[in-house]
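The values are calculated or read from the model by the stated rules, or taken from the named source; none is laboratory data. On a predicted model such as this, the values are computed, not experimentally measured, just so you know. As a convention, Cβ positions derive from the backbone with ideal geometry for all residues, glycine included, and neighbour counts pool all protein chains shown.
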Amino acid sequence: MQKLAAIAERAVQICATLAIFTFFVSGVAYMYLGRWKVTHTDYWAIYDICLNHTWLESALLKFNNHSLFFPSFLWLANLRFFHGDQQPLFFAGLTLLSITALLLLIPVWRDKTVSMTAKIMATLVVIVGNFWMGRATIIASGGYNCINSSVMVAAALAFLLLPMMSDNAPRVLPTALIVISAGFVASFSFATGLAIWPTVLCLGWCLRLPRYSVLLLALAGITAAVLFVLLPPHDADLQAAYWSLPSVAYTTVIWLCRLIGSPFSYAVFAWGPDKFYRHLIESSGLALWSGAIGLALAALAVLPQIIRRNIQKSTLQFTGLALVIFNIFALLLVTAGRSAREPFSLSVAPRYLFWSTLFWTGLFLVAIQRAESRRWLRWPIYLAALALPVLFFPKHYKEGLSRRRVMSQAGAGAVSLVNGVRDEQITRILFYNPKKMYRVAEELRARRLDMFADGLQDWIGHDEVSLFAGRHKPRGLKGQCSVVALTQGDKGAPAARVLGQAWEEGNSIPNILVIVDPTGVIRGVARSSMTSPFINRVFYLGKSPPDGFLGYIRDYDPQLQYAVRSADDGILSEEAIAVQIPPTEPAKP
């Protein structure tokens, strides 16, 4: 019987290790392949601040009631030294996310009170919690990931060092300074980072830290809160809504439960067809009731520790409790800031999955540690942990595929801006406010930042012979393309959207193409969107967006015959693809 149990335990270890590898590799791959490559969403407003203020002013101003002081230096440096290229920001965010996972795993593997199987299962939970693509709204964006993961790196570091502030621990003062510094980094990276202060105070109480340590943490927290309030906003803060007390209590509880339960709602409904996916998440009670269960389990895990002040010497348990408490306070801050003026449907918005997923990660860590002392719980908890990657994988895969499509659409929006065309049907993926986007795009263009850094916009209006200095060569360019919609340039002149496919010798796909008129003048540029067949098969099961290119013709004249040439490496193809003009006038967007 013991031999059979040992074999079963080894099998569980192997399965969990394979799941860790699969989830980590696929998560990083989906993040990279579906990352935002251009300025997007709130960053149009953030860059508007950065481009019109000094570094210090840009860092100090609050944006939407959030202080982004510490992460702002990452994109300020990126604008200054890397021309606003989004790739350095993506890798900075990925590094911070990986450091978060590492800091959470250090106490797991240091814990001598739990078995090797428990450590492997805890590692699986941490990897799934951090690299699940359900959180892609945040982690696939370099900027957003820098913000949120800065908070979590600081919080995880504080959790790691907090037990070292006890009376009999060496170098208490340096440790306390690091914990307080981490608290300030969390507080001034994002507003939810303020949750670090009640968390460390609660944990310090449970650890029976000396009074001077708790007092020091409390004073630091009060200082952080005062400084946060005093920081100026970049514009008028959102006005608070005034509700009656019963209404506030009801809304707070419902919002909090739905926030906490949303990861399971997203994971479960991803198993079904996509047709009613979003409606089911918003209207079903799954998020509400799973959140209520999660809150009840959290109360059972946390309240006895607060009452008895006897956190066991299990670093695994302590890390789990820290994650649970921190994310409850973080989600309470979200609830306080949003519930009074936003509908219940937004309580399950994907951006909040970053925090609620970590709540469940902490709860599972506590359960794994508890199962070590209650043998009858071991296998149910282990099997539940093994079921997590299975339950969450459909959403993981679907979101990875969706992000690839979003990346392709964002690239098309960037091409529109590079061509100086106001095609809002294409650019709406980038920002909800076209007026502000086009205004900031002009500033990026003038400073040659982001999508304007490589200077493709300067090609438009130049003769192909003079621009490329006669550099032509045969490339075997083939394909087809046509005008699919009419729009207008930034100065009101007519323009046309062109879609097509192109390939060269060896079936390689050109990245950059130019659209020329009969006189050889470049009237627009185009870029290709492509996925390698291997990546498509392995990660997207052959369902990634089809390869093709999108471009624009400025000063469009339907009486002229336009042609497309490839222009990779600054060398023009001798071959050209004729732009087909439909017999009927294309629709306007």
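Within the range 31-45, the set of residues being closer than 19 Å to Phe73 by Cβ and of a type in the set (Phe, Trp, Tyr) comprises just one member, Tyr43.
Taken together, the residues in the range 444-470 that are in contact (Cβ under 8 Å) with a residue 60 or more places away in the chain and either surrounded by 14 or more Cβ atoms within 10 Å (Cβ to Cβ) or among the β-branched types (Val, Ile, Thr) (or both) amount to 14. Residues of the range 471-527 that are exposed (fewer than 15 other Cβ atoms within 10 Å of the Cβ) and among the charged types (D, E, K, R): Arg471, Lys473, Lys478, Lys491, Glu505.
For every residue, the table says whether it meets (1) surrounded by 15 or more Cβ atoms within 10 Å (Cβ to Cβ); (2) touching a helix residue (DSSP H, G or I) at 6+ places or on another chain (Cβ under 6 Å); (3) of a type in the set (Val, Ile, Thr).
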{"position": "Thr335", "(1), (2), (3)": "yes, yes, yes"}
{"position": "Phe364", "(1), (2), (3)": "yes, yes, no"}
{"position": "Ala367", "(1), (2), (3)": "yes, yes, no"}
{"position": "Ala384", "(1), (2), (3)": "yes, no, no"}
{"position": "Ala387", "(1), (2), (3)": "no, no, no"}
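Residue-level check: of (1) part of a loop (DSSP other than H, G, I, E, B); (2) touching a Leu at 6+ places or on another chain (Cβ under 9 Å), Ala469 misses just (2). Take the conditions over 29 Å from the mean Cα position of the chain (by Cα), assigned to a helix (DSSP H, G or I) and under 29 Å from Thr357 (Cβ atoms) and apply them to Leu217. Does it pass? Considered against the rule, which asks whether it is over 29 Å from the mean Cα position of the chain (by Cα), assigned to a helix (DSSP H, G or I) and under 29 Å from Thr357 (Cβ atoms), Leu217 comes out as yes. Run down Ala29, Ala5 and say which single residue is surrounded by fewer than 21 Cβ atoms within 10 Å (Cβ to Cβ), touching a helix residue (DSSP H, G or I) at 6+ places or on another chain (Cβ under 8 Å) and either at pLDDT below 95 or assigned to a helix (DSSP H, G or I) (or both). So the residue among Ala29, Ala5 that is surrounded by fewer than 21 Cβ atoms within 10 Å (Cβ to Cβ), touching a helix residue (DSSP H, G or I) at 6+ places or on another chain (Cβ under 8 Å) and either at pLDDT below 95 or assigned to a helix (DSSP H, G or I) (or both) is Ala29. One residue stands out among those in the range 249-263 that are over 12 Å from Leu295 (Cα atoms) and in contact with a Gly (Cβ under 9 Å, 6 or more places away or on another chain): the one that is surrounded by the most Cβ atoms within 10 Å (Cβ to Cβ), which is Pro263. Among the residues here, Leu358 does not qualify as among the aliphatic types (A, V, I, L, M), surrounded by fewer than 23 Cβ atoms within 10 Å (Cβ to Cβ), touching a helix residue (DSSP H, G or I) at 6+ places or on another chain (Cβ under 9 Å) and in the same structural domain as Met31 (by TED's automatic domain parsing).
Within the range 534-544, the presence of at least one residue that is farther than 19 Å from Met451 by Cβ, touching a residue at least 24 places away in the same chain (Cβ under 8 Å), in contact with a helix residue (DSSP H, G or I) (Cβ under 6 Å, 6 or more places away or on another chain) and hydroxyl-bearing (Ser, Thr, Tyr) is confirmed.
Being in contact (Cβ under 8 Å) with a residue 60 or more places away in the chain and either surrounded by fewer than 23 Cβ atoms within 10 Å (Cβ to Cβ) or under 19 Å from the mean Cα position of the chain (by Cα) (or both) holds for only one residue in Ser402, Ser373, and it is Ser402.
Within the range 441-461, the set of residues being touching a strand residue (DSSP E or B) at 6+ places or on another chain (Cβ under 6 Å) and assigned to a loop (DSSP other than H, G, I, E, B) comprises just one member, Ile460. The single condition among (1) on the phi < 0 side of the Ramachandran plot; (2) outside any helix (DSSP H, G or I); (3) out of contact with any strand residue (DSSP E or B) (no Cβ under 9 Å at 6 or more places or on another chain) that Gly492 does not satisfy is (1). Within the range 490-504, being among the charged types (D, E, K, R) and at pLDDT 95 or above holds for one residue alone: Arg497.
Whether any residue in the range 272-281 is in contact with a Phe, Trp or Tyr (Cβ under 6 Å, 6 or more places away or on another chain), surrounded by fewer than 24 Cβ atoms within 10 Å (Cβ to Cβ) and hydrophobic (A, V, I, L, M, F, W, C) is what I want to check. There is at least one residue in the range 272-281 that is in contact with a Phe, Trp or Tyr (Cβ under 6 Å, 6 or more places away or on another chain), surrounded by fewer than 24 Cβ atoms within 10 Å (Cβ to Cβ) and hydrophobic (A, V, I, L, M, F, W, C).
Leu550: in a strand (DSSP E or B) and hydrophobic (A, V, I, L, M, F, W, C), yes or no? Yes; evaluated as a whole, the condition is true for this residue.
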